[in-house]
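K.L.:
Got a structure here, written out as structure tokens. Questions coming.
The values are calculated or read from the model by the stated rules, or taken from the named source; none is laboratory data. These numbers were taken from a predicted model, which means no experiment stands behind them. Glycine also receives a Cβ, built like all others from the backbone with ideal geometry; neighbour counts cover every protein chain displayed. The area values use the complete protein model at the heavy-atom level, side chains included, leaving out ligands, DNA and RNA. Shrake-Rupley method; radii C 1.70, N 1.55, O 1.52, S 1.80 Å.
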Amino acid sequence: MPARNPAPTTGVSANVVEIEYVLSRMTYVAGRARQHERLMAAAGLDLDRAAVTILRNIAASDPVRPGVLAVRLSVEASHVTRQLRQLERIGYVVRVADPDDRRAQLVQLTDAGLAAVERIREASRRGVELALADWTPDELERFATLFRRLVHDFVAHTETPLDCTRRKPCARYGRQNC
């Protein structure tokens, strides 16, 4: 299906334009309030989108400092602090002393928080499974491989330092930290 957006700018292939359009559309569909409500209903939970994002992020790592979590999510620390207070009140996270710096605190999931994340993951997987029900095993395997590569390349690109004067990858350092 052709893209329903403007023609590519000079030097950008039609495939790149289509991929950007489809990713934009997918992000929109996945982020809609109605989609979140469906996910919460399927998981049997009542959490807002920000709380789910924070829970899933904590579950994907070791206990983490709230400030590090804010940086990972590209949000203000105060936003994370408010969400963590809410998640603490309902028993999904606890704060523990950082063994490397007793003045700092780490946030980790409780058993209830881990169970909530598993319910969210399972509901999300069932939704993806339903959406892809007509795909063949070969199509699913090819898509999973290409999608994994796409995410890897996006992460690598977004972590490449930019030359602040030209807003493109830093020629001096390449993919190294500036």
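K.L.:
Given the conditions (1) in contact with a strand residue (DSSP E or B) (Cβ under 7 Å, 6 or more places away or on another chain); (2) of a type in the set (G, A, S); (3) within 29 Å of L23 (Cα to Cα), which single one is not true for A116?
P.N.:
Evaluating A116 over (1) in contact with a strand residue (DSSP E or B) (Cβ under 7 Å, 6 or more places away or on another chain); (2) of a type in the set (G, A, S); (3) within 29 Å of L23 (Cα to Cα) leaves (1) as the failure.
K.L.:
Only one of (1) surrounded by fewer than 10 Cβ atoms within 10 Å (Cβ to Cβ); (2) in a loop (DSSP other than H, G, I, E, B) is not met by W135, so which one is it?
P.N.:
Only one criterion in (1) surrounded by fewer than 10 Cβ atoms within 10 Å (Cβ to Cβ); (2) in a loop (DSSP other than H, G, I, E, B) is unmet by W135, namely (1).
K.L.:
Follow-up. Which members of the range 7-21 meet the condition of being open to solvent by 70 Å² or more (accessible area, probe 1.4 Å) and β-branched (V, I, T)?
P.N.:
T9, T10, V16, I19
K.L.:
Tell me yes or no: at least one residue of the range 116-124 is modelled with pLDDT of 95 or more, part of a helix (DSSP H, G or I) and exposed (fewer than 10 other Cβ atoms within 10 Å of the Cβ).
P.N.:
The answer is no, given that none of the residues of the range 116-124 is modelled with pLDDT of 95 or more, part of a helix (DSSP H, G or I) and exposed (fewer than 10 other Cβ atoms within 10 Å of the Cβ).
K.L.:
Here is a list: R38, R72, R56, R32. Which entry is touching a helix residue (DSSP H, G or I) at 6+ places or on another chain (Cβ under 8 Å), of a type outside the set (A, V, I, L, M), more than 30 Å from V96 (Cα to Cα) and open to solvent by 30 Å² or more (accessible area, probe 1.4 Å)? Steps first, please.
P.N.:
Values: R72 fails: more than 30 Å from V96 (Cα to Cα); R56 fails: more than 30 Å from V96 (Cα to Cα); R32 fails: touching a helix residue (DSSP H, G or I) at 6+ places or on another chain (Cβ under 8 Å).
Answer to the selection: R38.
K.L.:
Now for a different question. Have a look at A97, A112, A104 and point out the one that is within 25 Å of A51 (Cα to Cα), open to solvent by 40 Å² or more (accessible area, probe 1.4 Å) and either assigned to a strand (DSSP E or B) or of a type in the set (D, E) (or both). Reasoning before the result, please.
P.N.:
Numbers: A112 fails: either assigned to a strand (DSSP E or B) or of a type in the set (D, E) (or both); A104 fails: open to solvent by 40 Å² or more (accessible area, probe 1.4 Å).
Result of the check over A97, A112, A104: A97.
K.L.:
Can you say whether A77 is open to solvent by less than 60 Å² (accessible area, probe 1.4 Å), touching a Gly at 6+ places or on another chain (Cβ under 7 Å) and more than 22 Å from M40 (Cα to Cα), as far as the supplied structure shows? Give the steps one after another, and end with the answer.
P.N.:
Details: open to solvent by less than 60 Å² (accessible area, probe 1.4 Å): yes; touching a Gly at 6+ places or on another chain (Cβ under 7 Å): yes; more than 22 Å from M40 (Cα to Cα): yes.
Yes; evaluated as a whole, the condition is true for this residue.
K.L.:
Right, here's the next one. Which of the residues belonging to the range 82-92 are assigned to a helix (DSSP H, G or I) and surrounded by 15 or more Cβ atoms within 10 Å (Cβ to Cβ)? Let's see the steps before the verdict.
P.N.:
Restricting attention to the range 82-92, the residues satisfying the condition of being assigned to a helix (DSSP H, G or I) are 82-89.
Residues satisfying the conditions are Q83, L84, Q86, L87, E88.
K.L.:
Next question, about the same structure. Here's a check for you: in the range 41-53, which residue that is in a loop (DSSP other than H, G, I, E, B) and open to solvent by less than 40 Å² (accessible area, probe 1.4 Å) is farthest from R126 (Cα to Cα)?
P.N.:
L47
K.L.:
Looking at the range 129-154, I want the residues that are without any contact (Cβ under 8 Å) to a residue 40 or more places away in the chain and have a partner that is among the β-branched types (V, I, T) and part of a helix (DSSP H, G or I) with Cβ atoms under 9 Å, at least 6 apart or on another chain. Which pairs are those?
P.N.:
Close Cβ pairs (under 9 Å, with a partner that is among the β-branched types (V, I, T) and part of a helix (DSSP H, G or I)) amount to L150/I19.
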